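> This is the structure, below, for whatever I ask next.
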Amino acid sequence: MNLKSFPPSATRKALVPVVAMTLVCGTAAPAMAQSDPGSLDPTSIGNIGSITKMGGSVDPSSAAAGSATVGSTGSTGTHSLEGLGTLPPIGTGSQNTSATPPIGMEAEPIETTKVRNIEIGDPMVAGGDPRFERWWIESKSMNRILPVEIWRASSDAPAPMLYLLDGVDSPSPSGWLLPGHIQDVFADEHVTLVMPTRADGSLHADWQHDDPVLSRNKWQTFLTQELPPLLESGEHAIPFNGKRGMAGLSMGAASAVTTAERAPSGMYQAVGAIAGCYTARDDLGFLLAKIVAETRGGNIANMWGQRNSPAYAENDGLLHAEKLRGKALYFATATGMPDANEWQRNDNDLLKFSQGAGLEIATHACTVDMDHRLKELNIPARVDYLPTGMHNWDNFSRFLAPMRDNVMPALR
């Protein structure tokens, strides 16, 4: 397949410096904090109020966001993104390693993937409702013990399984539960929700090399080969009707698409993706992938290697979109434009505000490209665009019910 058949659009090229600047604008924050807030024109971006707080995290999609600084992407010229290594620091800071402390592996190799323990209920999730379970899985492929969170169907009748992949911090409890309240959105559906967690900065990919901070990542292997047998058969089997969906948001949106494309044919009947980017082969996509890995302390070189590595093509959602044919598909994004109350909802946090705008501007462009690609292939999909909304759960939550309505008919 000829990679040159899918050139980056002029829009995506133009967005690279814009997105890079918005994501690293914390470098200008001290000077802006000293300026007169009254000099800003509130009509230009809605009712922003006064600037009283700086800080925030690169990805407001996570429930854990807001704890650390983001690394700089450096120059924004086309050739500047061809290198590897970690993002240069801003000021005296460094990569966001406080958000992701080094993840360790087990001292002794895990010989068999199995369930180590199951916890029933968590006071943080729906007041301890026993439909919530946290399964601790020993993964042979990653040599790690991973928490997978389950929201059980309302009865023991066989139900489909909908996998939900988180954003960059991949927190536990899952962001889908807190603050997404996905269990309420699906309250009237007979479905088991499966939320793998602690995939921090990994793009849920199979990495080529172990990473000093992000450890060993073989997420596609785990999601498609190791986890399903534990859920669907054996000692701890959950009643299953044979149908699976794969959905994600932000980092997890890209992961959901590539996982579904690379999985065995027929493994998933539905795919949902909210505010994601579906290629890392052009500058915009590479910048976003680099930010995902490196603001959580990892090195993108350990994921897919040099930019000319075949792994970038192998994990390209646009390039392999044909493999989505026959599935119920849902894609969604906003524009990055704030509404009148966005500033207050971002706690008057300039960095969080600007990063939320920049990320959603980028994912809007990425979603448009996926929309065009699916139309080119004559593959039916529902693609929702909203005129305002930034890269955060206030925005994501608006797409959950439409996604449910689009994917569930294929899973019942």
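The values are calculated or read from the model by the stated rules, or taken from the named source; none is laboratory data. Note that the structure is predicted; figures quoted are calculated from it, not measured. Positions of Cβ are backbone-derived with ideal geometry, glycine not excepted, and every protein chain shown enters the neighbour counts.
> From TYR278, TYR268, grab the single residue that is part of a loop (DSSP other than H, G, I, E, B), in contact with a Leu (Cβ under 8 Å, 6 or more places away or on another chain) and of a type outside the set (Lys, Arg).
Details: TYR268 fails: in contact with a Leu (Cβ under 8 Å, 6 or more places away or on another chain).
Just a single option satisfies the conditions, and that option is TYR278.
> Among residues belonging to the stretch 168-186 that are within 11 Å of GLU149 (Cβ to Cβ) and not in a loop (DSSP other than H, G, I, E, B), point out the one that is nearest to the chain's Cα centre (by Cα).
ILE182
> Now a separate question. Return only the number of the condition from (1) at pLDDT 95 or above; (2) farther than 19 Å from SER174 by Cα; (3) out of contact with any Leu (no Cβ under 6 Å at 6 or more places or on another chain) that GLY234 does not satisfy.
(1)
> Identify all residues within the stretch 133-167 that are more than 25 Å from MET408 (Cα to Cα) and assigned to a strand (DSSP E or B); write none if there are none. Talk me through it step by step, then tell me what you get.
Within the stretch 133-167, the first condition is being more than 25 Å from MET408 (Cα to Cα), and the residues that meet it are 136-147.
Listed by number, the residues that qualify are TRP136, ILE137, GLU138, SER139, ARG144, ILE145, LEU146, PRO147.
> Among the numbered criteria (1) without any contact (Cβ under 8 Å) to a residue 60 or more places away in the chain; (2) closer than 15 Å to ASP394 by Cα, which one does ASP339 miss?
The one condition ASP339 does not meet is (1).
> If you go through the stretch 119-132 one residue at a time, how many are in a strand (DSSP E or B) and crowded, with 18+ Cβ neighbours inside 10 Å? Don't jump to the end; show me each part of the working.
From the stretch 119-132, those in a strand (DSSP E or B) are 119-120, 132; that's our starting set.
Adding the requirement that they be crowded, with 18+ Cβ neighbours inside 10 Å leaves 132.
Final tally of qualifying residues: 1.
> Which helices (runs of 4 or more DSSP H) sit wholly inside the stretch 298-392 and have at least 2 residues that are crowded, with 16+ Cβ neighbours inside 10 Å, in contact with a Ser or Thr (Cβ under 8 Å, 6 or more places away or on another chain) and among the β-branched types (Val, Ile, Thr)? Please lay out each step first, then the result.
Values: elements: 300-304, 310-314, 342-345, 350-376.
Fully inside the stretch 298-392 and qualifying: 350-376.
> Among residues belonging to the stretch 157-191 that are β-branched (Val, Ile, Thr) and surrounded by fewer than 24 Cβ atoms within 10 Å (Cβ to Cβ), point out the one that is nearest to LEU214 (Cα to Cα). Give the steps one after another, and end with the answer.
If we filter the stretch 157-191 for residues that are β-branched (Val, Ile, Thr), which is where we start, we get 168, 182, 185, 191.
Filter once more, keeping what is surrounded by fewer than 24 Cβ atoms within 10 Å (Cβ to Cβ): 182, 185, 191.
Numbers: ILE182: 27, VAL185: 32, VAL191: 32 Å.
Only one residue tops the list, namely ILE182.
Yes or no, residue by residue, for (1) among the hydroxyl-bearing types (Ser, Thr, Tyr); (2) modelled with pLDDT of 95 or more:
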{"position": "GLY248", "(1), (2)": "no, yes"}
{"position": "MET251", "(1), (2)": "no, yes"}
{"position": "GLU261", "(1), (2)": "no, yes"}
{"position": "GLY272", "(1), (2)": "no, yes"}
{"position": "GLY276", "(1), (2)": "no, yes"}
{"position": "THR279", "(1), (2)": "yes, yes"}
{"position": "LEU284", "(1), (2)": "no, no"}
{"position": "LEU287", "(1), (2)": "no, no"}
